[in-house]
Amino acid sequence: MLIPHPPNTPVDADQVLLDRDLDPENTALQVRGLYRERAHLLAALATHPALHAVLAIDPDPLLPDCATVLYLWLGGQQMSWHLHDLDLPLFGHVAAVEPGDPDIRGQWDGHSTHTKYTHRLRTLVVHGQRTRQEDA
């Protein structure tokens, strides 16, 4: 598999969530805890078959321990998030795309963070609302 298991991964990477609560003044710990929470939510989203989740490696990551990217697709629109190496075990259920693979799902389409949250993620919410209304 393309995605490496990070070395020295704590037995319980969620310990950061408990440590964060015990040390509210530690800014780095607070930020890492927020990213861990986000990773849990993204891992849950990635289980939905309509989102066509895939993992790929960013060839030029801003942070070396966040080179893995989760791509989700809905209605032909892509959303992506960099994942911390410590969070990768949460994504064992997601297929990985090898570098150079022609699969478009693992290639960034150039969207901005603003576009992802103001337009594309909104599409996901609206889609979910429609599905619930149809099921009612």
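Contact annotation: residue pairs with Cβ atoms under 7 Å, 6 or more positions apart or on different chains, pairing a residue in the range 68-79 that is under 19 Å from P99 (Cα atoms) with a partner that is charged (D, E, K, R) and crowded, with 18+ Cβ neighbours inside 10 Å, are M79/R120.
Restricting attention to the range 89-109 and to residues that are in a loop (DSSP other than H, G, I, E, B) and at pLDDT 85 or above, the residue that is surrounded by the fewest Cβ atoms within 10 Å (Cβ to Cβ) turns out to be H93.
Residues are listed down the side, and each one gets a yes or a no for (1) in a loop (DSSP other than H, G, I, E, B); (2) at pLDDT below 90; (3) under 16 Å from the mean Cα position of the chain (by Cα):
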{"residue": "Y71", "(1), (2), (3)": "no, no, yes"}
{"residue": "W81", "(1), (2), (3)": "no, no, yes"}
{"residue": "D87", "(1), (2), (3)": "no, no, yes"}
{"residue": "H111", "(1), (2), (3)": "yes, yes, yes"}
{"residue": "Y117", "(1), (2), (3)": "no, yes, yes"}
{"residue": "T123", "(1), (2), (3)": "no, yes, no"}
{"residue": "G128", "(1), (2), (3)": "no, yes, no"}
{"residue": "T131", "(1), (2), (3)": "no, yes, no"}
{"residue": "E134", "(1), (2), (3)": "no, yes, no"}
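Looking only at residues in the range 34-69 that are in a loop (DSSP other than H, G, I, E, B) and exposed (fewer than 13 other Cβ atoms within 10 Å of the Cβ), the one that is nearest to the chain's Cα centre (by Cα) is T47.
For the range 35-49, a residue qualifies if it is without any contact (Cβ under 8 Å) to a residue 12 or more places away in the chain and of a type in the set (A, V, I, L, M, F, W, C), and the qualifying residues are L41, A44. Of the residues making up the range 11-33, those that are among the hydrophobic types (A, V, I, L, M, F, W, C) and either part of a loop (DSSP other than H, G, I, E, B) or at pLDDT 85 or above (or both) are V11, A13.
The values are calculated or read from the model by the stated rules, or taken from the named source; none is laboratory data. Since the structure is predicted, the reported quantities are computational estimates derived from the model, not experimental observations. Because the Cβ atoms are built from the backbone with ideal geometry, glycine has one as well, and the counts that use them run over all protein chains shown.
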